[in-house]
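One structure is given below, encoded as structure tokens.
The values are calculated or read from the model by the stated rules, or taken from the named source; none is laboratory data. Model, not experiment: these values are computed from the prediction. All Cβ positions, even for glycine, are placed from backbone atoms using ideal geometry, and neighbour counts span all protein chains on display. Surface accessibility is based on the protein's heavy atoms, side chains included, excluding ligands, DNA and RNA. Shrake-Rupley method; radii C 1.70, N 1.55, O 1.52, S 1.80 Å.
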Amino acid sequence: MRKNICVLVLQCLLLLGCYLVSTMELAVEEKADGAIPVTTMSPPEGNTTFLDGTTWCVALPGVSQVDLQNALDWACGLGMANCKAIQEGGACYEPDTLLSHASFAFNDYYQQNGNSDIACNFGGTAAVTKHNPSYGKCVFAAAGYACSFNTISRLCSTSIVQA
């Protein structure tokens, strides 16, 4: 019962954060409509991949295991991250640790959601890194890969995107 409440609270906080960000963006856009246009050379909003090279989202060591588990449950559930690789027998199942599994799921969600900082928060249990966390046969998605997500099977087919 307590775990369900924690998951519900985490989901509500994440949805509230997304709502606040979207309403702030609308306010900025409305204000910008009346401003003098300024030409800038900037990447797509919220996408840090083009600023500093490829980035990944990983779980932070030392955070609450309960918070990490709740965030992992959300990412693989409502967040619709492709968590097949961290299931038993999957390429990323070993090491069978909460930190490793959460890192894979968080990164999948982060890549699917435009590499924005808000897509790598998970209640403070994750952070963006420039260090590729892939190992052995376990390949973490990165910018430059397209994901065709099938909502019925919850599988992601990746392919390299040529720039």
Going through segment 76-119 in order, the residues found to be farther than 18 Å from V139 by Cα, open to solvent by less than 30 Å² (accessible area, probe 1.4 Å) and either touching a Cys at 6+ places or on another chain (Cβ under 7 Å) or not in a loop (DSSP other than H, G, I, E, B) (or both) are A119
Of (1) assigned to a helix (DSSP H, G or I); (2) modelled with pLDDT of 95 or more; (3) among the hydrophobic types (A, V, I, L, M, F, W, C), C57 fails just (1)
